[in-house]
Amino acid sequence: MSDLLSLDATGQLAALSSGRISAVELLEAVRRRWQAFNGEVNAVVVTDWERASERARAVDDRRAKGDPTGPLAGLPMTVKDTLDVEGMPASAGVDAFRHGHRPDAVSVSHARLSGAVIWGKTNTPVMAGDWQTYNALYGQTNNPWDLERTPGGSSGGAAAALATLMTALEIGSDIGGSLRVPASFCGVYAHKPTWGLVSQVGHVPPRPGHLAERDLNVVGPMARSARDLRLLLSVMESGSVSAKGHTPLEVKGLRIGLWLDEPAFVLDPEVRVAIEAFAADLVREGAEVTPVRAPVDAAVLLDTYTTLLSGVLAEDMPPGRMRRLERMRGPARLARSLGAGADSWAGQVLRYTATHREWLAADEARARLLAQVRPLFTRLDVIMAPIAPVVAFPHDHRAFQNRRLELSDGTKASYGAMLRWIALATACGLPATAIPVGQTPAGLPVGAQLIGPRGSDARTLAAAEAIEARLGGFVAPPLQPAAS
């Protein structure tokens, strides 16, 4: 049975459709896996085995009768605890949000209508606001490659559950690398869709009940293979741009721009070496890998992105805190005019309290950035770039301003450096597929992102599939089941 769980979702679905295993039997195997491994990683924090069993039996009955079934029929899967699931409302790590009755988020309802058997919710930091995964409600999630390290965030529970074979598919979200960073830290796959491709309705934050689509934020698939990303995205998508009907690609002749050099962006030497080695393997397989300079001015990119991002995050702040920031706006503007940097308290206050006119200026800057990036993709299929400046780091629950990233060469960087490599795709609404590319000498996973032009989700996913077929992909961590 463990052999079946080691298959990706597509493989498990083939076993279900062929009658090798029933949906009820597969769900029971998943439950045993969760019992054996979840205690150490604390990835899946809410379960609903009773409803899941009912749905699995219903799928088996339909299949036995020869009735039509959906593309995910009978597949057990989990959902990040920022998305509402019937009977398991999204908490986003906040106790007040997990109560009451709310219907499935739109993306979740699409998966359920396709036959998925949703049995659990995966852990996330409070309001999905960290690159680590812990909260007072459900505790800390650990990286299955090293329990003393974070699996990333905010879809950290999702990535850990995938890596430990407790689920084959997962729905997560990303506004600051929240799909891509955990994928990199845990050695799995994720896809940040083009903004607007997948509905955000039913995602928390913002507070439950919001209907507007948030700027920058996306809901996307996570999996253990690139083909599974394409499968789940085809089920989830609801935008005018479509990832369906993709044209398969081959590694030979694939035009890849390798973006590793940006003075303003920190990159651990071990991460760089792993990506460079992977790029060399791609060249040996016939890909055209060309080093590229930063597609846009990094300072403009970061200023634009953080202004737009702060405006979104400010909506979730307690009213009292926002009032304090608004009172500080005058002194902050003065400090900025006297030379306080963009990363200073003055710069942050101005971003969080941006006027509508200032937001419009940032939106115009974003449009110009997108126009600058677009021509690059006339000669490249995708840009391959780092996701995070470091690999998974030790748990650190101190205040953000007291945290530092430690690189393998002994140097340190600000915690905010985690925002930099992911900024281009997020600020410009571009698709980015996260793939595993290797490990450090200490055996920690390294990921990279394949970025494409807006609306080219099918292209980045096809590139990821082609690369996986030639160079391999997911490797399971050596985690052993907890002692009974």
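See the values below:
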quantity: Under 12 Å, Cβ to Cβ, from Ile422 - net charge with Lys/Arg +1 and Asp/Glu -1; calculated: +2
quantity: FRET efficiency estimate (nearest 0.05) - Cβ-Cβ, Glu148 to Gln372, R0 45 angstrom; calculated: 0.60
quantity: DSSP H segments from the chain that extend 20 Å or more along their own axis, Cα-based, with Kyte-Doolittle mean of 1.0 or above; calculated: 298-314
quantity: For the chain, share of DSSP beta bridges that run antiparallel, in % to the nearest 5; calculated: 70 percent
quantity: Alpha-carbon radius of gyration plus Dmax, which is the widest Cα pair, for the chain in Å; calculated: 21.5, 75
quantity: Partners for Lys192 among lysines (Cα-Cα distance below 16 Å; same-chain residues under 8 apart left out); calculated: Lys80, Lys244
quantity: Linear extension gain, Leu7 paired with Asp61, 0.36 nm per residue minus alpha-carbon span; calculated: 17.1 nm
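Taken together, the values in this text are just the output of simple stated rules run on the coordinates, not laboratory data. Being a predicted model, the structure only gives us computed values, none of them experimental. Cβ atoms come from the backbone with ideal geometry, glycine included; neighbour counts cover every protein chain shown.
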